[in-house]
Every structure is written in structure tokens, then in C-alpha cells.
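Read the structure below first, then the notes.
Bear in mind these aren't lab numbers, they're just calculated from the coordinates by the rules spelled out. Since the model is a prediction, treat every value here as computed from it, not as a measurement. Using ideal geometry, Cβ is built from the backbone for each residue, glycine included, and neighbour counts are taken over all protein chains shown.
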Amino acid sequence: MDIDLAQLRDRLVTIALQAGEMITSAKPSTLSSGTKKNTADLVTETDRAVEAYISTELKRLYPSFAFMGEETYTPGQKLGPEPTFVVDPIDGTTNFVHRHPYVSVSLGFAVDKVPTVGVVYNPFTGKLYSGVRGQGSYVREVGGTGNPTTTTTEPKSGTGTATETETDTDIHRLPLQDPAPLTGLDSCIVISEFGSDRSGSNWKTKADTWARLGRSKDEGGAMVHSVRALGSAALNLCAVAEGSLDVYWEGGCWAWDVCAGWVILTEAGGIIVDANPGTWHVPVDHRKYLAVRGATSGQKELVEEFWANVEGTL
Ligand code: IPD
């Protein structure tokens with residue numbers, strides 16, 4: 001099947017901008033949100049409304065393609081080989097509820113389970129990332145509303161229309177700078193996440209690994225520059241694609257959290273491997289990932305060094 005991937009990307013951009021309007025005009029609160037599997041697994045009416053909008057648009061434009069979305073996922077649903085949109089309407093729901101502006105719309109497209117097109121948009125900062133397999137990845141600014149605590153009566157610079165994206169002039173290919181060599185974990189800034197699974201060996205592996213990553217070398221640690229946790233897997237992958245973060249390590253997120261960012265990262269020269277030591281090629285629905293930025297050298301060595309610091313199994 002011949003699919004015009006550039007046209008598909010442009011359509012995803014238009015949908016992402018419109019979804020962003022829905023997100024920035026909503027008034028989330030910790031009181032009006034609900035939970036899924038536990039009190040750290042949040043969902044809002046806006047998540048559901050945005051996904052309904054996105055899936056309706058995609059069904060209209062591509063009636064024969066499959067759809068997998070966070071809010072309509074049913075246990076047992078598998079990503080198949082058919083062309084599939086893999087969508088997180090709000091990646092960073094916890095931030096959205098708390099009005100912290102690290103939030104994105106994550107629109108991925110996979111063929112044969114391979115991430116092929118990705119669009120990630122933060123409607124608060126106006127940063128829009130896109131990538132097409134084999135055609136590079138890019139970032140541009142399309143407005144944004146600033147911090148979500150601003151009221152909806154203030155003027156907004158973004159209209160969410162396709163015309164707006166056509167007039168953007170500042171489009172940058174990723175990574176943003178020539179990728180420097182990776183010389184070792186002790187010169188890296190790492191991002192990781194709590195996730196919503198806070199019990200058992202998974203949590204212990206995370207906590208012990210973070211402790212080891214940060215600890216001084218004299219005491220057996222890797223002493224990375226720091227470990228961040230910002231709350232959106234899709235934006236984390238985009239930050240690694242840009243080169244503003246070196247490494248992202250996470251166990252527990254889903255295909256819709258990573259599919260779009262995967263294309264953006266790998267088109268920028270980054271790699272994604274298993275979060276647990278040993279496996280260099282993992283599928284998009286693997287749920288445990290280690291992502292490393294593009295580099296002129298040292299990527300493979302850095303993965304091996306990171307794996308040597310994983311305390312247990314995710
Ligand atoms: C979550 C975010 C978070 C990650 C979780 C995801 P959501 O997605 O990406 O950073 O740690 O694993 O589930 O729930 O905000 O769409």
C-alpha cells in the first residue's frame with residue numbers, strides 16, 4: 001500500500017494543533033480528575049474528549065487504518081502489522097491536572113509495528129516536533145499559551161489552523177546542534193519517571209537504579225550530572241532527540257507514550273533499546289525503554305555502561 005507519509009504528517013500536525021486548543025482552553029483540576037488503576041494514574045474528561053476528536057478526524061481521513069489510543073485501549077488489544085495510529089491525547093496528564101506546562105499531544109503512526117510518522121506538540125510552550133521515517137525530524141515554534149495557570153480570557157497567539165503552520169519560519173532539523181561524542185555516564189543528564197506503578201520489584205529496581213546513577217563514584221555510583229523526572233514520555237524522547245537530555249530510561253509506559261517520539265528520536269540519530277540489559281532491538285510496545293541521543297561516537301558504550309548500573313529487572 002502506497003501511503004503519502006508527508007501528507008499524513010501534515011494532517012497529524014493540523015490535528016495536533018486543534019487538539020492543543022482543546023487542551024489549553026480546558027480547566028483541569030485535581031478535584032475534577034479521576035483515576036484508573038490507582039491514585040497516581042490520572043485521567044480527565046479532556047483526555048477523553050481530545051481522543052474522541054482525534055480518532056474521529058483520523059477515521060474520516062483514513063477510514064481503513066487501525067487506531068490505538070490510551071483512553072479507548074482495552075486489555076488484550078495488540079498492535080498489529082496493519083497501518084495504525086498510536087495516540088496519546090494528553091501525555092503528561094498528571095502535569096495537566098496540576099497545571100504544570102510539560103504536556104503534549106502525541107500522534108504516532110506505525111506500519112508493520114514500526115514507528116513511521118510522529119508528531120508531538122506541547123500546546124503550552126508551542127513547541128511542535130515531527131518526524132517521518134527516512135525523512136528526518138524537525139522542531140518549530142507555533143505559539144503556545146504559556147503556563148496553564150493563565151486564564152482563558154487572555155489572548156492566545158495560536159489559532160490551531162493549518163495556515164499558521166505554513167507561515168512558520170523557524171523550523172530546525174534535529175538534533176539542534178552537531179551531536180557531541182558520548183564520553184560516559186558521568187557527563188550525562190538522564191531523565192526517568194516515577195510512572196504509576198509504585199510497588200514490588202519494578203519500583204525497587206527504579207529507586208535503586210536512580211540511587212546508583214546519582215551516587216558518587218567513590219561509593220560505587222555512576223555520578224551522572226543529574227536525573228530529571230518531568231512527566232511526559234513523548235516530550236522526554238523529543239528532548240533526547242534535540243540533544244538537551246542525553247538519556248531517557250523508563251519501565252511501564254505504553255506504545256502510545258512512545259510511538260511518535262520514537263520516530264522523532266531515531267530520525268535525529270538517537271537509539272532505543274531495552275531498559276533491562278541485553279536486548280538491542282525492541283518493539284514499540286515493549287514498555288521498557290532506554291533511549292540515548294545521537295552522537296558521533298560512544299552510543300553503544302553508553303548503553304552498556306547504563307545497563308551495568310541497572311539494579312534489578314524492570
Ligand atoms: C505517562 C507519562 C509519564 C510516564 C508514564 C505515562 P500519561 O503518560 O508519559 O511520563 O512516566 O508511564 O503513562 O498517563 O500522562 O498519558
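Summed over segment 215-253, residues that are buried (at least 20 other Cβ atoms within 10 Å of the Cβ), more than 16 Å from the ligand (Cβ to nearest atom) and either without any contact (Cβ under 8 Å) to a residue 12 or more places away in the chain or in a loop (DSSP other than H, G, I, E, B) (or both) total 4.
Of the residues in segment 33-51, how many are exposed (fewer than 12 other Cβ atoms within 10 Å of the Cβ) and closer than 10 Å to E71 by Cβ? The qualifying residues number 0.
Filtering W307, W280 for residues that are over 19 Å from K127 (Cβ atoms), away from the ligand (no atom under 16 Å from the Cβ) and part of a loop (DSSP other than H, G, I, E, B) leaves a single hit, W280.
Considering each of D285, D208 in turn, give the residue that is assigned to a helix (DSSP H, G or I), touching a residue at least 60 places away in the same chain (Cβ under 8 Å) and acidic (D, E).
Values: D285 fails: assigned to a helix (DSSP H, G or I).
Among D285, D208, only D208 is assigned to a helix (DSSP H, G or I), touching a residue at least 60 places away in the same chain (Cβ under 8 Å) and acidic (D, E).
Taking the criterion of being within 22 Å of V86 (Cβ to Cβ), out of contact with any Gly (no Cβ under 8 Å at 6 or more places or on another chain) and of a type in the set (A, V, I, L, M), the only residue of segment 285-314 that qualifies is L290.
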